[in-house]
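Below you'll find the structure, written out as structure tokens, and then a few comments.
The values are calculated or read from the model by the stated rules, or taken from the named source; none is laboratory data. Just so it is clear, the model here is predicted, and its values are computed rather than measured. Using ideal geometry, Cβ is built from the backbone for each residue, glycine included, and neighbour counts are taken over all protein chains shown.
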Amino acid sequence: MPYAIVLYFNRAAEKKIRDIWKALADRGISTEVSSSGIRPHITLAIYDELKCQPCRDELAKFAARTNRLEIRITHLGVFRQPETVLFLAPTITRELLDLHANIHESMAAHAGSSWEVYQPAKWVPHCTLAMNLDDGKLSQAIACCGSIELPWRLHATGIGAVEFVPVSDLFQFDLKNG
């Protein structure tokens, strides 16, 4: 099973995203994300292999030296390949790109190569709202999410590792508050 290194948000942001997931599920548009057991997040890397204990130790050190990060969500986005995904997209900042590059550098000795689309210079940061949408469901999902007030500021407050599918949280650490 693959493993993801993910960036978690503050509680208020997490609740707001869960409310969006619930609205999409209640309207019969998409339940895949809301029922998966994953917390709202931005995926930083996905690996096919991960040495869990060394990774845990490295993530603990990484979190202890990494400040919480303000993230500004500015738009909805859509991926069309390999499946149709609707997502919240942040403004890309030097801090976010540096955090992403640093996590890849930190994990290099404890994991195989990250999936290509998550590697530095190829990564598109995003928080998934709905997956596997046909064109009709995509239109419905966009209409459902049309009332999201943007831009929206949230904070990345934690980092963790998740095994999937099914989703299983392996460990999580708070980022430095400072």
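Some notes on this structure:
- Residue list for region 86-116, restricted to those being of a type in the set (A, V, I, L, M) and at pLDDT below 95: M107, A108, A109, A111
- When I142 is tested against (1) under 30 Å from G28 (Cβ atoms); (2) touching a His at 6+ places or on another chain (Cβ under 7 Å); (3) touching a residue at least 40 places away in the same chain (Cβ under 8 Å), just one condition goes unmet, and that condition is (2).
- Candidate set: region 21-45, residues that are at pLDDT 95 or above and aliphatic (A, V, I, L, M); chosen: the one farthest from C145 (Cα to Cα): A45
- Residue in region 113-132 that is β-branched (V, I, T) and more than 29 Å from S30 (Cα to Cα) present: no
- The residues in region 143-156 that are buried (at least 19 other Cβ atoms within 10 Å of the Cβ) and not in a helix (DSSP H, G or I) can be counted, and the count is 2.
- Among residues of region 105-119, those that are within 17 Å of D57 (Cβ to Cβ) and part of a helix (DSSP H, G or I), counted: 3
- Flag if S30 is surrounded by fewer than 17 Cβ atoms within 10 Å (Cβ to Cβ), out of contact with any Asp or Glu (no Cβ under 8 Å at 6 or more places or on another chain) and in a loop (DSSP other than H, G, I, E, B): no
- Residue count for region 1-27 under the criterion of being touching a Lys or Arg at 6+ places or on another chain (Cβ under 9 Å) and in a loop (DSSP other than H, G, I, E, B): the result is 1.
- Candidates A45, A12, A64 - the one that is in contact with a strand residue (DSSP E or B) (Cβ under 9 Å, 6 or more places away or on another chain), crowded, with 17+ Cβ neighbours inside 10 Å, within 16 Å of A156 (Cα to Cα) and among the small types (G, A, S): A45
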